[in-house]
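Chemist: One structure, as structure tokens, below. Some questions next.
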Amino acid sequence: MNNPMGELRSIVMRAESRWTDTGLPRVAMVQAEACADQVYQPMLHLVLQGSKTLSIGNQISTYDSGTYFLVPVDVPATGQIHASGPDLPYLAISLTLDPDVIATLLIDEVVTTEQPSTSDFSAVPAPAEMIDAWLRMMRLMDRPNDAPVLAPMIEREILFRALQGPLGGTLREIARPDGRLAQVQRATHWIREHYTEPFRVEPLATMSNMSVAAFYRHFKAVTAMTPIQYQKQLRLLRARWLLMFDTLDAASVAFTVGYESASQFSREYARLFGLPPARDAARFRSPTVTDSVAVIETGV
């Protein structure tokens, strides 16, 4: 087949309507007609069909077919995906980013200036060389005997192509164990593990080896939100999952995820998702709702 994108799409049509394991290290695929509200882990995400709109903090980005984007640290996000047509669902593949693998590509590279620790979650057109590497990677799903040798080589090639593109600076920063992204990641991990608890920013800044002012600045530059906003997003995503799939009422959910006021929870929930908790849950449970239903995943 002399159509790399077409062949990639045919392979990824095997995926389920959630992120599906491919059997290849750090590689997953998805076929879906709704967007997952979830905590995105560090990854390179390539859209093959349809489009995705994500809201991360104060940024809203749209990713069309043939574009990729990077998530440098764990970030909670909400959004929607849009199918290309009735029989053309959203298709995407992702590569979880391993700093050690990226670092091996930088051994002989000399970077004279420190890369800024920022992430605008931009959509970048995938070059033909990256698409070709992805196709060779996904073909290995049917060649399990070849995968242990070839998959690591192709993973490095995909990352090499990304390093040559507009987001290469972000990838380089991910590979630095003492860089700002790594420092911010320590804080995001702590907040994820303690998202129901109140916290003070000063200990997080200390944990990240920064002053409070520097911590605020770098945390927002990387995640597009403040630490408190980050915690709030985690709470609300978890609350939505509980409302969809548990038997708790809205007030009980509010207290479960760490809110002290059910009314404040209701206001903030409606601000993020467009409807108060009970009405939102009822909408998603309705059998007449199809194209607006989200596959909700949380890592908290």
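The values are calculated or read from the model by the stated rules, or taken from the named source; none is laboratory data. These numbers come from a predicted model, not from an experiment. A quick note on method: Cβ atoms are made from the backbone with ideal geometry, for glycine too, and the neighbour counts reach across all protein chains shown. In case anyone asks, the SASA skips ligands and DNA or RNA and just uses the protein heavy atoms, side chains included. Shrake-Rupley method; radii C 1.70, N 1.55, O 1.52, S 1.80 Å.
Chemist: I need the full set of residues from the stretch 157-191 which are in a helix (DSSP H, G or I) and more than 29 Å from Ile228 (Cβ to Cβ), in order please. Talk me through it step by step, then tell me what you get.
Modeler: Narrowing the stretch 157-191 to residues in a helix (DSSP H, G or I): 157-163, 168-174, 180-191.
If the condition is that a residue be in a helix (DSSP H, G or I) and more than 29 Å from Ile228 (Cβ to Cβ), then Glu157, Ile158, Leu159, Phe160, Arg161, Ala162, Leu163, Gly168, Arg172 are the ones that fit.
Chemist: If Ser10 meets every condition in (1) among the hydroxyl-bearing types (Ser, Thr, Tyr); (2) farther than 20 Å from Val124 by Cβ; (3) open to solvent by less than 60 Å² (accessible area, probe 1.4 Å); (4) out of contact with any helix residue (DSSP H, G or I) (no Cβ under 6 Å at 6 or more places or on another chain) apart from one, which number is that one?
Modeler: (3)
Chemist: Can you find a residue that is more than 23 Å from Val75 (Cβ to Cβ), surrounded by fewer than 21 Cβ atoms within 10 Å (Cβ to Cβ) and basic (Lys, Arg) anywhere in the stretch 24-42?
Modeler: Checked the stretch 24-42: no residue is more than 23 Å from Val75 (Cβ to Cβ), surrounded by fewer than 21 Cβ atoms within 10 Å (Cβ to Cβ) and basic (Lys, Arg).
Chemist: Could we say that Leu248 is closer than 12 Å to Pro277 by Cβ and either aromatic (Phe, Trp, Tyr) or open to solvent by less than 10 Å² (accessible area, probe 1.4 Å) (or both) here?
Modeler: Taking the combined requirement at face value, the residue does not satisfy it.
Chemist: Could you say which residue among Arg14, Arg9 is farther than 30 Å from Asp280 by Cβ and in a helix (DSSP H, G or I)?
Modeler: Arg9
Chemist: Restricting to the stretch 81-98, and then to whatever is in a strand (DSSP E or B) and under 13 Å from the mean Cα position of the chain (by Cα), can you tell me which residue is surrounded by the fewest Cβ atoms within 10 Å (Cβ to Cβ)?
Modeler: Only one residue tops the list, namely Thr96.
Chemist: Has the stretch 207-225 got any residue that is among the hydrophobic types (A, V, I, L, M, F, W, C), out of contact with any strand residue (DSSP E or B) (no Cβ under 8 Å at 6 or more places or on another chain) and not in a helix (DSSP H, G or I)?
Modeler: Yes; the residues of the stretch 207-225 include at least one that is among the hydrophobic types (A, V, I, L, M, F, W, C), out of contact with any strand residue (DSSP E or B) (no Cβ under 8 Å at 6 or more places or on another chain) and not in a helix (DSSP H, G or I).
Chemist: Considering every residue within the stretch 238-259, establish whether at least one is on the phi < 0 side of the Ramachandran plot, in contact with a strand residue (DSSP E or B) (Cβ under 9 Å, 6 or more places away or on another chain) and aliphatic (A, V, I, L, M).
Modeler: For the stretch 238-259, residues on the phi < 0 side of the Ramachandran plot, in contact with a strand residue (DSSP E or B) (Cβ under 9 Å, 6 or more places away or on another chain) and aliphatic (A, V, I, L, M): absent.
Chemist: A further question on this structure: Go through the stretch 118-150 and give me each residue that's open to solvent by less than 20 Å² (accessible area, probe 1.4 Å), more than 20 Å from Arg14 (Cβ to Cβ) and not in a loop (DSSP other than H, G, I, E, B).
Modeler: Val124, Met130
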